[in-house]
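Reading through the structure tokens given below for one structure.
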Amino acid sequence: MITFITGNEHKVIEAENIFQIFGVKLEHIDLGYMEPQGTLEDVSKFGAKYACQELNRPVIVEDAGLFIRALNGFPGTYSSYVQDSLGNENILKLMDGIDDRYAEFRSVIGYCAPNSEPKVFLGRVKGQIAHEERGNLGFAFDPIFLVPEEGKTFGELTTEEKNQFSHRRNSLEKFINWYVSQDDE
Ligand code: ITT
Ligand code: NA
């Protein structure tokens with residue numbers, strides 16, 4: 001059993017579905033904690049260590065973000081703040097007239113168990129910033145994140161569809177494979 005520490009209900013729904021694919025049990029606790037400024041890796045390491053010490057059990061946390069190439073990686077590590085303050089409409093305005101639409105979501109899972117150092121697992125997914133918001137499935141930047149191979153935004157994909165190849169699927173799959181292989185040792 002693994003405990004996922006997050007305040008984001010959408011992450012919980014996606015993670016539960018992904019854990020189910022791999023047959024691993026997940027529970028969820030919302031333990032608010034201060035996030036230090038830093039890379040996704042720094043933040044998830046810090047969060048995992050902190051939560052593990054508080055709860056005295058193995059935990060995972062996730063720090064994620066949207067990195068837009070033409071904006072030098074913005075909003076990146078500021079994604080949560082930028083989503084709440086600027087929102088998708090203003091991101092689209094920033095991208096007005098810009099031809100390079102490349103963007104990627106990154107997710108870093110931080111894992112920590114009592115008396116051990118935290119480990120991190122990175123997942124990415126490549127896409128493009130759409131020219132308008134599309135779809136009302138998913139959350140946050142999903143309606144403006146276009147997956148060219150699908151011809152759809154994340155906002156137009158069901159949780160199950162998004163979970164086939166999302167950044168979160170990739171980071172959690174890496175984590176789960178490592179975690180399950182630990183059990184055999
Ligand atoms: P916790 O830290 O409590 O887990 P959070 O929402 O603050 O929840 P992050 O610090 O990882 O999560 O912030 C990343 C932000 O990036 C998140 O709030 C969304 O705005 C955005 N984001 C991350 N993953 C996303 C996804 O799959 N679809 C759309 N937006 C996403
Ligand atoms: Na956060």
> So which residues in the stretch 75-106 are surrounded by fewer than 16 Cβ atoms within 10 Å (Cβ to Cβ) and either of a type in the set (Val, Ile, Thr) or under 26 Å from residue 182 (Cα atoms) (or both)?
Replying inline: 98
>> Quick check on my filter: what residues within the stretch 95-130 are within 18 Å of residue 83 (Cα to Cα) and hydrophobic (A, V, I, L, M, F, W, C)?
In response: 95, 103, 105, 129, 130
> Looking at 45, 25, 11, which is the one that is more than 28 Å from residue 73 (Cβ to Cβ) and either away from ligand 2 (no atom under 16 Å from the Cβ) or within 17 Å of the chain's Cα centre (by Cα) (or both)?
Replying inline: 25
>> Quick check on my filter: what residues within the stretch 131-152 are closer than 22 Å to residue 81 by Cβ and in a strand (DSSP E or B)?
In response: 145
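Out of contact with any Pro (no Cβ under 8 Å at 6 or more places or on another chain) and either buried (at least 16 other Cβ atoms within 10 Å of the Cβ) or modelled with pLDDT of 95 or more (or both): does that describe residue 109? Walk me through how you get there before you give the answer.
Details: out of contact with any Pro (no Cβ under 8 Å at 6 or more places or on another chain): yes; either buried (at least 16 other Cβ atoms within 10 Å of the Cβ) or modelled with pLDDT of 95 or more (or both): yes.
Taking the combined requirement at face value, the residue satisfies it.
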> If the Cβ limit is 6 Å and pairs must be 6+ apart or interchain, which residue in the stretch 75-90 that is free of Cβ contacts under 8 Å to residues at least 12 places away in the same chain pairs with which residue that is more than 8 Å from ligand 1 (Cβ to nearest atom)?
Replying inline: 76/67
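The values are calculated or read from the model by the stated rules, or taken from the named source; none is laboratory data. Since we're looking at a predicted model, the values are computed, not measured. Note that we place each Cβ from the backbone using ideal geometry, even for glycine, and neighbour counts take in every protein chain shown.
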